[in-house]
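All remarks here apply to the structure that follows.
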Amino acid sequence: MLSASDTGRGKASGDGVIGLSRSLISASVPSVLVSLWSVLDAPTAQLMTEFYRNIQNNPDKAQALRQAMLTTMKTEPNPVDWAAFTLIGETQ
């Protein structure tokens, strides 16, 4: 989990985006949850709390993230507050 700002960004090349997430996947980390832009602390904390709550009930990380986003949207309707996060790699 890389819940800091811009953790999913990197330099575009012919081989795709080269950045921190690619380094972790290359090092055999099965999946990484990263942000694509600068994020605020409070909405991010809410999203991550919901994500971890969901992952306890459903081991599918993509579904846990989706549900966390849907829940966070109810109190933080601006997509800039919850849509920055994406899962790279395996979902289980």
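Computed from the coordinates by the stated procedures, all read-outs in this text should not be read as laboratory data. A quick note: this is a predicted structure, and the numbers were derived from the prediction, not measured. All Cβ positions, glycine included, derive from the backbone under ideal geometry; neighbour counts span all protein chains shown.
For the reader, a short list of remarks on this structure follows.
- Environment charge at GLY89 (Cβ cut-off 15 Å; Lys +1, Arg +1, Asp -1, Glu -1): 0
- Evaluated at q = 0.14, 0.16 Å⁻¹: base-10 log I(q)/I(0), Debye formula over Cα of the range 10-89: -0.50, -0.64
- Residues ALA27 and GLN63, FRET efficiency given R0 of 22 Å [Cβ-Cβ distance, rounded to 0.05]: 0.30
- For the range 19-87: relative contact order, % (alpha-carbon pairs under 8 angstrom, 6 or more apart): 41
- Cβ-defined net charge surrounding ALA42, 14 Å radius [Lys, Arg +1; Asp, Glu -1]: -4
- The relative contact order of the range 50-92, computed from alpha carbon pairs under 8 Å that lie at least 6 residues apart in sequence, is 40 percent.
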